[in-house]
Amino acid sequence: MSVFRLGDQVPPDPKRITDAVVMRFDHVYEVDPALMELTGQQDVPAWDTKRIVDSRWDHLDWMHDHFADEVLLAGEGSETMPEEDAMPSEERSGVREGPSDPGMPGVEEPAVDRPDVRE
Amino acid sequence: MQDGDQKYGLDRGGGDGYDPNGDGELQRQFVEQWRTNAYGCFSSGHKFCREVCPVMQVTRNENHTPTAFHANIVAMEQGLVDVADVADDYVHCTQCGACELRCPNTLFTGDFYRHRTRTVDVVKAMRALMVDTGNEREGWKVWNERLAERHNEPVLGDVPVSQEHVADWADGLDIPIGGETILFVDCEAAFYRTSYTRAFAQLLQKAGVEFGLMREQWCCGGPAAEMGYVELARKHADHNVADWRAVGAKRIIAPDPHDYIAFTEDYPRYYGDDYEFEIVLGVELINDLVKQGRIRLTEPVERVVTYHDPCRLNKRKGVHAAPRELLRAVPGIEFKDVDHVTQWSYCSGGGGGLPVEKPEITEEISRRRVARAQQLEVDALISACPWSERPLSQAGASADEPLEVLDLFELVARAAGIEVGGHAQGPVQEARP
Amino acid sequence: MSVAFKSGIDDAVVEELRAIIGDDGRVLPNMSSRVNRTRVPAPFPVHRWGEYMPDVVILPRTAEEVSEVVGLANRLRIPVVPRAGGTGLSDGAVALRGGILVDVKLMNLIHEIDLVDRTVTVGPGINMLKLNEELKRHGVFYPDDPASYPCSLVGGRIGTGGWSLIGGRFGHTRENVVSLQVVLPTGEIVRIGEGGGRKLRKSSTGFNLKQLFTGHQGTLGICTEATLELAPRPEVEFAAFFAFEDYRTAWETTGDLTRSGLATLAGVVLFDEWKIAYLRRDDEAYIPQPASVKAVVAVAMYGTRAEVEPASKVVMKLGRGRGGRYLGDEISAGDWASRHDRYATPLHGRSKDGQAVMMSWHCEDAALNYSVLPQVREEWHAIVAGFREEYGIFDDWGMFAYTNGPYKPWGDYLVEIDVGIWEQRLNDENWDAWVRCKRDISLVTLKYGGSITACHGATREGDAELVPAEMGSSWEVVKRIKRALDPNNIMNPGKQSLDQAYEDGGVA
């Protein structure tokens, strides 16, 4: 269970990754704030960063299911860099259950506009 | 800080900000404040938001898209529209948060840039501008006048709500007033769906959790803020925080997702560092208590059910695992799930004041939600938000084949052998078991 | 607030439209309805917004309503602009001359699913992702997969003759529309197909009109219903990404893959050096990659497990055959799934001094042959660099080359350069510079025997004026057809230089 405390929502200090990228939370890259002077950054509490990162991975897993029942992969890691640095969220790899929407047509009225299915 | 993040609602003085000269100064300030947000969307315009928006799925009117909500601000800057031209469009939003989460500006780069799409804030701010410039909506005006009078939302229609009766739901439960842990009870839950509140409170009691009620249980102020009544929202927040402090509260338990959002987003914006409370989300607490064995679920509930992810848990806060875990812990339940990403495009239509101004749209959104549940061949739809349960229940009752709509806490209480009491649809209906 | 009507619309016409539609909520002459159906995601001269607004918006529900509205417009010589999703990248759905904008989003029903003869019949206002959510439980899918898959609508895909990421295996929009119902510029409702009945795939009777009506950019009529292919839902997807130390080797590997003869090959994507440099700005897959990763090739396959699994081994060999290094399972799966979402984020943009600023995205979509890809890349980047240097508001977001030929991954390529434009800094001078940049890019395409647009349509300044040059000797035929079907030049007028089909230059 997560208990919301305002103090916990402040992100940690950034550490430098490249000359344009920093990192505050493990495995979550961020732009160097110096590059956002013109646009300005928003106040993004820790819970929101977590929500966005988790949602991104959930969404990507979900997208596959539009096109195939199963994702096949080579079963190999990165050949360009050490595995633990390759992709930030390692724990997210692999296939997960696809979406389970029973589906519904764009009906305007109940039952009347159900598509006829010829099987 | 940018983008009205802090400025929305904070520094409006005692006056109502009405634009006496009609010279558009308020509108100009609004545009100045929100133009970066607006361009964040307008410069893209790809509309990934459109098909996940519950209102858009029904009306198919581009005016009601999150894209339009942002584009209008740029259009105002260009002198093409003013508030009066677009006011009705901004009514068409439940503030479910699907759009701003689905938007690639959030989902793919919001964390990287610390800059994301904030449609909910934009809609709230525009509605506040509508109030300030004489463009307020009649239904919302009356609703919030009644809130101002009674300090709870007029959830019982013609039957007035009142502070004298705000804790009637707790009759027979012997819940004390005050203490370190306060149970916050939402207006809908206190007056309309008391079975929800009684279920939750009795589950806490069964687990031996110590908690008390507020001395004066006012509305959290969230819906007023959603409809654009900024000072009214703040007034209620101030009262609640004062009440909490007066009884030495350190921790607030919020079972209702709408309150949870008010306490973890609105209130921190109001008070900054001067906000010391721990906020506990009801469903996560109950789930933990069950996992720890402090609540034992011994009575099987032989139902075939599916779960409705409330928008303000799933999309707005990323809470979707705990309710499912809790649901699966109910013995005898057969649970046909629809995953939480698919449910980004689901909604009950109950939020954001939509049922007050556009009840026919809320009704259609709920009708579709119930129809989707029925396609799974279940005998009940379980939700975890009392605001969703009203339109969903009405849709469930009027479907060709009626579908029961239950709250998750009500279900869990049943499995814990609790005789819940209370009512699910206002006091005039017979109480349901 | 109000901006005057541009075309021959007046209150009397609006009343006639209300009489036709019978529902005032679907005849919208108010400002917010017009303002919000002006631009599309392509770069837009914000400071001249009012010039591109339609006069009145119609939200039809039936082909009959569309037919009567178009009939009225034809009679009164009022321009009509069809708009489905409004997510096109070439201003096809932008009103150049005011008029009636026909917004088909309410026509989003699924009318029929035929699992025996393998078609689904829909209204033009339905989105492919939502359609496939319904089709999934029947074990089929409609395989039209653009980058805008979650947002574009079937009617717009048909109007533009869209391109699909997996077209190398499943064909593009044109191949996946079996037949369609169209309202002609003169108001008649006709059925267009290959020939024969609604569900026929190939015929030689009469003239084959389907090609003509899939990709006309809304200049020959409005689609009011479409019968689409139902492809078997693939059992398995396989994706693999390979990194290269130089572009040329990546390009050669692309050729190896696309000529491989693997039947389940759905698409190959070549990322050039500028694209990798751009992805390093904010893409978690590319930020940590070593400097030696200069170019990337992505491959995807779909089909039965029996076919894809053995084929995947061949792909791994080919990807590595010239030294390509596999980027790993996580990136291969994640990045392939993100192909619909990565493009549009404005904060990808960088000013000349490196600040992250919100830019609108121009997506070039030339079609070019394999042999010229390296050279075109050099010339295009040089053009954009020149404009960035001089005007400061442009940004080079790199290039992709994708398999383009339907069912023929070995054929040609959709070649994309992505250019960021700092819209908030646009003025007339910068806008004109942008149009010149656009035109220069297209001229290079024509120089190398390509097409200036594989799929978006040549419906904007910078492209439209080059359509006659690209059409060459067939331009005469194009003009005759346009004039024959749209005698009064009311259907999306001013697009693709089709005004030239008319003696008076097409302007009434």
Fill in: Value of [θ]222 nm, deg cm²/dmol, for the protein assembly as shown, DSSP H segments ≥ 4, -39500 (n - 2.57) each, nearest 500
-10000 deg cm²/dmol
Discussion item. Beyond 37 Å, how much of the Cα-Cα pair distribution for chain B remains, as a whole percent?
Written reply: 21
Discussion item. Using the basic label-point model (7 angstrom from Cα toward the beta carbon), what is the B:Ala321 to C:Ala4 distance in nanometres?
Written reply: 6.3
Worksheet item: Expressed as a whole percent, how much of the Cα-Cα distance distribution for the stretch C:110-232 exceeds 24 Å?
Response: 19
Practice prompt. Could you work out how far apart the two model spin labels at C:Glu112 and B:Arg215 are, taking each label as a point 7 Å from the Cα in the direction of the beta carbon, and quote it in nm?
Written response: 7.2
Item to complete: Report, to the nearest 10°, how far helix B:194-206 tilts away from the longest principal axis of the Cα atoms in chain B, using its own Cα long axis and a range of 0 to 90°.
Response: 60
Practice prompt. State the extension gain, in nm to one decimal, for the chain segment bounded by B:His165 and B:Glu404, taking 0.36 nm per residue of separation less the distance between their alpha-carbons.
Written response: 83.2 nm
Discussion item. With the cut-off at 1.5 for a/c, could you classify the stretch B:19-82 from its C-alpha gyration tensor as rounded, prolate or oblate?
Written reply: prolate
Worksheet item: Sorted from fewest to most neighbouring beta carbons within 10 Å, what does the list B:Phe48, B:Phe112 look like?
Response: B:Phe112, B:Phe48
Practice prompt. Sketch the reach of a paramagnetic label on C:Asp353 as a point 7 Å from Cα along Cα-to-Cβ, and name the residues of the stretch C:417-449 whose backbone nitrogen lies under 19 Å away.
Written response: C:422-426
Item to complete: Write down, largest first, the equivalent ellipsoid semi-axes of chain C in whole Å, where each equals the square root of 5 times an eigenvalue of the alpha-carbon gyration tensor.
Response: 37, 28, 20
Item to complete: Assuming a ≥ b ≥ c are the square roots of the Cα gyration tensor eigenvalues, decide whether the stretch C:1-74 counts as rounded (a/c under 1.5), prolate (otherwise, with a/b larger than b/c) or oblate.
Response: prolate
Item to complete: Tell me which residues come under 5 Å, amide H to amide H, from B:Val319 once H is placed; ignore anything under 5 positions away on its chain.
Response: B:Asn314
Discussion item. If you take every DSSP beta bridge fully contained in chain C, what fraction is antiparallel? Give it as a percent rounded to 5.
Written reply: 90
Worksheet entry | Rounded tilt (10° steps) of B:25-42 against the dominant C-alpha axis of chain B | 70
Worksheet, complete the sentence: Per the rule of 0.36 nm per residue minus the C-alpha distance, extending C:Glu51 to C:Glu389 adds in nm 118.7 nm
Worksheet entry | In Hz, Karplus ³J(HN,Hα) per residue of the stretch C:460-475 (6.51, -1.76, 1.60; θ = phi - 60°; x = Gly, Pro) | 10, 4, x, 10, 4, 6, 9, 4, x, 5, 5, 5, x, 5, 7, 4
Worksheet item: Hey, got the Cα dimensions of the stretch C:303-387 along the principal axes, in Å, largest first?
Response: 50, 30, 24
Worksheet entry | Cα-based shape type of the stretch B:25-136, given that a ≥ b ≥ c are square roots of the gyration tensor eigenvalues and the cut on a/c is 1.5 | oblate
Response to the item:
For B:Tyr260, C:Tyr302, B:Tyr267, ascending order of other Cβ atoms within 10 Å (fewest first) is B:Tyr267, C:Tyr302, B:Tyr260
Worksheet item: With a Cα-only, solvent-free Debye model of the stretch B:112-185, what are the log10 I(q)/I(0) values at q = 0.12, 0.13, 0.20, 0.25 Å⁻¹?
Response: -0.61, -0.68, -0.95, -1.14
Worksheet item: How big is the stretch C:234-342 by Rg and Dmax over its Cα atoms, in Å?
Response: 13.3, 39
Discussion item. What are the ³J(HN,Hα) couplings of the stretch B:103-108, residue after residue, when phi is run through the Karplus curve with 6.51, -1.76, 1.60 and θ = phi - 60°? Round to Hz, x for glycine and proline.
Written reply: 3, x, 4, 8, 4, 9
Discussion item. Once the cut-off is 23 Å, how many percent of the Cα-Cα pairs in the stretch B:163-288 end up in the long-distance tail?
Written reply: 25
Response to the item:
With +1 on the Cβ of every Lys and Arg and -1 on the Cβ of every Asp and Glu, the dipole magnitude of the stretch B:294-415 about its Cα centre, in debye rounded to the nearest 20, is 600
Fill in: Listed peptides B:243-250, C:242-249, B:50-57 by packing density, highest first (mean Cβ within 10 Å)
B:50-57, C:242-249, B:243-250
Item to complete: With θ set to phi - 60°, apply the Karplus curve 6.51 cos²θ - 1.76 cosθ + 1.60 along the stretch B:65-72 and write out the HN-Hα couplings as whole Hz, x wherever there is a Gly or Pro.
Response: 7, x, 4, 5, 4, 7, 4, 4
Worksheet item: Taking each residue of A:44-55 in turn, how many C-beta atoms of other protein chains fall within 10 Å of its C-beta, and what is the average?
Response: 6
Item to complete: Pop the C-beta distance of C:Glu379 and C:His138 into the FRET formula with R0 = 45 Å and round what comes out to the nearest 0.05.
Response: 0.40
Item to complete: Grab the other residues whose beta carbon is less than 13 angstrom from that of C:Glu476, score K and R as +1, D and E as -1, and report the net.
Response: +4
Worksheet item: What's the angle, to the nearest 10 degrees (0 to 90), between helix B:359-375's Cα axis and the longest principal axis of chain B?
Response: 50
Item to complete: Just subtract the alpha-carbon distance of B:Ala329 and B:Tyr271 from 0.36 nm times their residue separation and send over the number in nm, one decimal.
Response: 17.0 nm
Worksheet item: What FRET efficiency, computed as 1/(1 + (r/R0)^6) with R0 = 41 Å and r the Cβ-Cβ distance, is obtained for B:Glu149 and A:Trp47, rounded to the nearest 0.05?
Response: 0.70
Discussion item. Run the paramagnetic zone check for C:Asp11: 7 angstrom along Cα to Cβ, then residues of the stretch C:34-71 with backbone nitrogen under 17 Å.
Written reply: C:56
Discussion item. Taking the alpha-carbon distance from B:Lys291 and a cut-off under 14 Å, which aspartates and glutamates remain once sequence neighbours fewer than 8 residues away in the same chain are dropped?
Written reply: B:Glu325
Item to complete: Determine, for each peptide in B:212-221, C:139-148, the mean count of other beta carbons within 10 angstrom over its residues, then list the peptides with the highest first.
Response: C:139-148, B:212-221
Worksheet entry | Dipole of chain B, positive end: most advanced residue of B:Gly272, B:Asn152, B:Pro427 [Cβ charges, Cα centre] | B:Gly272
Practice prompt. Treat the count of other C-beta atoms within 10 Å as a stand-in for reagent exposure and order B:Cys385, B:Cys49 from fewest to most.
Written response: B:Cys49, B:Cys385
Item to complete: Using only the C-alpha atoms of the protein assembly as shown, find the volume of their convex hull and express it per residue in Å³.
Response: 162
Response to the item:
The pairs in C:Lys202/C:Lys408; C:Lys275/C:Lys352; B:Lys336/C:Lys136; C:Lys408/C:Lys479; B:Lys358/C:Lys136; B:Lys47/C:Lys482 lying past 22 Å Cα-Cα in this model are C:Lys408/C:Lys479; B:Lys358/C:Lys136; B:Lys47/C:Lys482
Worksheet entry | Distance in nm between pseudo-label sites at C:Arg191 and C:Asp23 (7 Å out along the Cβ direction from Cα) | 2.6
Worksheet item: What does the stretch B:294-415 give for Rg and for Dmax, in Å, if only its C-alpha atoms count?
Response: 13.9, 44
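Throughout, read-outs are computed from the coordinates displayed, never taken from laboratory work. Owing to the predicted nature of the structure, the values given are computational and were not obtained by experimental measurement. Here the Cβ is made from the backbone with ideal geometry for all residues, glycine too, and neighbour counts use every protein chain on show.
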